[in-house]
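Structure first, then comments.
The values are calculated or read from the model by the stated rules, or taken from the named source; none is laboratory data. Since this is a predicted model, take the numbers as computed values, not measurements. For neighbour counting, all protein chains shown are included, and Cβ atoms are generated from backbone atoms with ideal geometry for every residue, glycine included. Heavy atoms of the whole protein, side chains included, go into the accessibility calculation; ligands, DNA and RNA do not. Shrake-Rupley method; radii C 1.70, N 1.55, O 1.52, S 1.80 Å.
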Amino acid sequence: IMSSSMIVPVIDVQGNNFKELWAAMVIAIKTSSFIAIDTELSGLGSRKALLAESIEDRYKAICHAARTRSILSLGFACYKKLDNKADSTYLVQVYNLTLLCSEEYIIEPQSVQFLVQHGFDFNKQYAQGISYYKGNDKGGDAHGVNMRSLFVELLRANKPLVVHNGLIDMVFLYQCFYAHLPDRLGTFIADLSQMFPSGIYDTKYATEYELRFTASYLEYAYKKCKLDNSKAIAGGGNGSHVFLEFCKYTGSMQSYIDYRPCLDNQNQDGVLNICVQFSAYGWCPNGSQCSMSHDTDLIIQHDEKIREDKRKKRKRKNKKKGSQGPSEACSSPQVKRSHFEETELDQAVPISEPALTEQQKTASSEPTDATHAFEHGKAASKNGNEESQPEASSEAPVRPKEKKAEGGTHRAGFDAFMTGYIFAYARNLTENTEESSTAPLIPACLNKLFLSGKSVPLHVAKSTFSKSSKAHVHKMDYVWGKSTAVKPEGTA
């Protein structure tokens, strides 16, 4: 696909076609080079606790949310690198699974409102959601065609796992499809490092610390990677570029596919009335009522123009001085907010739009009130608006007014696709030509989960002090074939 416009097929999986699509999903997982994952949740509980200063306290708050709330949908995108192609060409398969937890769980009204605004179909969820229960295995269930077995297939495939601001996703995945969460963060991290020996990569961390973009919410990072990649292709340099291919679906498969257009909108001129809040965080308290533009294409165009103007200014200055100063943009990003004090948690979680007020704006200048601070990212980036996936390019000039339909019906699937694309782009930039098949895909980002408001990531590595949880040890024996039955295990 030469231009950065493309149409992404998202396969919609639910109760009535789960068995039929099972084999295709397992093959996609097993043959992939890496897998990107995203979730939509029924809520998160206290935002203040989720941003606690102590990471251990944060973990406890996320555990409480995962035990009392549920995953409403799971998206995964399998990226398979094609060796016989030039550059970095991937065959991509995207699945969006609509789920229904069979146990009672809390659902937060603001999360529902947010998801409905973004096209989530609760009627379909209750009628056709794939059933699952949380915590430890119950007898032989791990053998059937169900979410637990699918998660076991994901673990057995032993592929690098890619998330965006993914600590919350990882905690929920563990509780919903794997085992009862351990009480201590150290134990959880020890378990994770054994569950995903090929590594976990967080594109939020990669965007902030490797790519160093102006903003790092999901849709911004995705579109910026896509733009930079298409510019590089157009420039015809000798570097490697990212190309994507999708399967051609036929027969009954066609009826399960939602085609998501990602069109190029780079040539919009005129006044850019951009919402400063949305531009920085991928979220704004006014939501679809905001009079300013939330169009990420315009926002990126605006940022590129600022960067170019700065570059020209530097060039003129250097000419005046007669010195040969650097004419390229400096390595550190022109940042919309401080990296270290950022309080955005843009994660795949529905969030209440109104709850986050000015606090977000002041993130770089003063510590924010965590109650508000949290909420945004979720709605922010992952769940940030996607009205910028227009139906047709002719609509481009008027799109800012069309903010009522902020999103598509398959957010988790498409968000997983965007997460995977950022990773493919970052991997291509850092690729080492003589790398071995066992080398980490992006060494500087291996096993580092982004922590909002912290300057250091959470390292996913077993420490000498942490033992694995009992339930996890049983599961690992089952996953790797050391025992044939999965015994229900008491809480670790």
> Could we say that residue 237 is under 29 Å from residue 86 (Cα atoms) and without any contact (Cβ under 8 Å) to a residue 40 or more places away in the chain here?
Replying inline: yes
>> I'd like the full set of residues that are closer than 15 Å to residue 473 by Cα and surrounded by 24 or more Cβ atoms within 10 Å (Cβ to Cβ), limited to the range 142-174.
In response: 174
> In the range 470-487, which residue that is in contact with an Asp or Glu (Cβ under 6 Å, 6 or more places away or on another chain) and assigned to a loop (DSSP other than H, G, I, E, B) is modelled with the highest pLDDT?
Replying inline: 483
>> One residue is enough: does the range 106-127 have a residue meeting the conditions of a type in the set (A, V, I, L, M), in contact with a strand residue (DSSP E or B) (Cβ under 9 Å, 6 or more places away or on another chain) and under 20 Å from residue 45 (Cα atoms)?
In response: yes
> If you take the residues of the range 70-111 that are farther than 30 Å from residue 424 by Cα and in contact with a helix residue (DSSP H, G or I) (Cβ under 8 Å, 6 or more places away or on another chain), which of them is least open to solvent (accessible area, probe 1.4 Å)?
Replying inline: 101
>> When you check residue 51 against the structure, is it modelled with pLDDT of 95 or more and farther than 14 Å from residue 150 by Cβ, yes or no?
In response: no
>> What's the total number of residues in the range 121-141 that are open to solvent by less than 20 Å² (accessible area, probe 1.4 Å) and either within 24 Å of residue 198 (Cα to Cα) or within 21 Å of the chain's Cα centre (by Cα) (or both)?
In response: 0
> Conditions: (1) out of contact with any His (no Cβ under 6 Å at 6 or more places or on another chain); (2) aliphatic (A, V, I, L, M); (3) in contact (Cβ under 8 Å) with a residue 12 or more places away in the chain. Residue 23 meets all but one. Number of the miss?
Replying inline: (3)
> Out of curiosity, is residue 104 farther than 24 Å from residue 145 by Cα and without any contact (Cβ under 8 Å) to a residue 12 or more places away in the chain?
Replying inline: no
> So which residues in the range 5-40 are among the hydroxyl-bearing types (Ser, Thr, Tyr) and under 24 Å from residue 131 (Cβ atoms)?
Replying inline: 39
>> Given the options 48, 85, name the one that is among the charged types (D, E, K, R), in contact (Cβ under 8 Å) with a residue 60 or more places away in the chain and in a helix (DSSP H, G or I).
In response: 48
>> Anything in the range 11-45 that is among the β-branched types (Val, Ile, Thr) and assigned to a helix (DSSP H, G or I)? List them, or say none.
In response: 26, 27, 29, 31
>> Looking only at the range 83-117, count every residue that is more than 19 Å from residue 154 (Cβ to Cβ), at pLDDT 95 or above and in contact with a Ser or Thr (Cβ under 6 Å, 6 or more places away or on another chain) and tell me the total.
In response: 5
> Inside the range 51-69, can you point out the residues that are in a helix (DSSP H, G or I), open to solvent by 10 Å² or more (accessible area, probe 1.4 Å) and hydrophobic (A, V, I, L, M, F, W, C)?
Replying inline: 55, 61
